[in-house]
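Enquirer: Have a look at this one before I ask anything.
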Amino acid sequence: MTSHAAPASPPAHIPSPSHALPPGARAYRLRTSRGEFAVVDVPPAEGTVPKGTVLSLPGFTGSKEDFTLVHTPLAARGYRSVAVDGRGQHESDGPVDDESAYTRARLARDVLAQAEALGTDAPLHLVGHSLGGQIARAAVLEDHSPFRSLTLISSGPARISVSQEQRVALLRDALSRMTMAQCWEAILALGPPEEVGGPARGVGGRDHLRRRWLGTSRAQLLATGRQLCEEPDLVDELAAVPLPFHVLSGAHDDTWPVPDLDAMAVRLDAHRTVVAGAGHSPAAERPGPTAHALAAFWDGLPALHDGTAHGTASGSATPAAAGSRPLGEDRVQHRV
């Protein structure tokens, strides 16, 4: 893997949020060729053998904090875990009114710049949740060379389900008529957070979730919401990329039906994990099994020998754990 120089100046510190950071974590602004991005960066646990770096992208209305609960178990397995707020998300700056800043192509180039700025010779594994998965896919389609693997968490082959399109349309309509603060109050008025879903749910508590919502760019939400409703099926193009793939989801999901995720995994010849008891956000809902499945997949990938190639073609990874293997001719699923 090509080595990238780290930024010459120290990263800008981000004040700790109201909820505690994982042990050893640093919150700072990652300086890249495309601007600064807020990250939480957790090193491998002391005494472990470093195995690689993970770059995790959050979903629609989400933020880097959505990965808070998987950082520590990944660090315990030897992985440096870096979660990022995308452009215009939470603590990463972005235009408030210019939707053109948030095209899929531009967001993909942001990810490539983030990968370069991490400046690591260790294998770099890209993870994207929901919208973040589609952005990760776009980045890999543009240039897969920085990455050792791609994991799509609850992120489907094309546009979201009809029911979710209707919810996004309602949100986009509200954003066009109300302030962000007014939208937040309207969201809460629909019912308790555990019933409302969306921006009112997540890791960190109500105060954090409100700050996250108010800190996110209206233009980012409008642009990415539209993209979720229009995303084309690019699975065949992704399958041609020479990377190992992992499709992970909960056992139920109303954003992309689980059978659609199963079928996508078959088309990608990807490793497939279904996390029992989880819905659309396995990293938050069942962090232990989710982190185990992620690390097991990476641990099972063939070692790189020449430092430049990124392994064999998608789906050719060795078994990730006892009783599990990538989807092959028998198309098995690993359930945790």
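The values are calculated or read from the model by the stated rules, or taken from the named source; none is laboratory data. Source: prediction; values computed, not measured. No Cβ is skipped: glycine too gets one built from the backbone with ideal geometry, and neighbour counts run over all protein chains shown.
Enquirer: Among the residues of the stretch 56-92 satisfying the criterion of being in contact (Cβ under 8 Å) with a residue 40 or more places away in the chain and among the basic types (Lys, Arg), which is farthest from Ala108 (Cα to Cα)?
Expert: The residue in question is Arg77.
Enquirer: May I ask you to say which residue of Asp121, Asp110 is modelled with pLDDT under 95 and among the charged types (D, E, K, R)? Break it down into steps so the answer makes sense when it comes.
Expert: Values: Asp110 fails: modelled with pLDDT under 95.
So the residue among Asp121, Asp110 that is modelled with pLDDT under 95 and among the charged types (D, E, K, R) is Asp121.
Enquirer: Where the second residue is among the aromatic types (Phe, Trp, Tyr) and in a helix (DSSP H, G or I) and the first is in contact (Cβ under 8 Å) with a residue 40 or more places away in the chain and lies in the stretch 260-271, which pairs have Cβ atoms under 9 Å and are six or more apart or on separate chains?
Expert: Listed pairs, sorted by first residue: His271/Phe297.
Enquirer: Here is a follow-up. Could you grab me the full set of residues in the stretch 139-184 that are farther than 18 Å from Asp233 by Cα and modelled with pLDDT of 95 or more? Give the derivation first.
Expert: Here is the first cut: in the stretch 139-184, the ones farther than 18 Å from Asp233 by Cα are 143-149, 163, 166-184.
Across the stretch 139-184, the qualifying residues are Asp143, His144, Ser145, Pro146, Phe147, Arg148, Ser149.
Enquirer: Moving on. Among the numbered conditions (1) aliphatic (A, V, I, L, M); (2) more than 19 Å from Pro23 (Cβ to Cβ); (3) surrounded by fewer than 24 Cβ atoms within 10 Å (Cβ to Cβ), tell me where Leu131 comes up short.
Expert: With (1) aliphatic (A, V, I, L, M); (2) more than 19 Å from Pro23 (Cβ to Cβ); (3) surrounded by fewer than 24 Cβ atoms within 10 Å (Cβ to Cβ) applied to Leu131, the lone miss is (3).
Enquirer: Related question: Which condition breaks for Thr53 when tested against (1) farther than 22 Å from Gln220 by Cα; (2) under 13 Å from the mean Cα position of the chain (by Cα); (3) polar (S, T, N, Q)?
Expert: The failed condition is (2).
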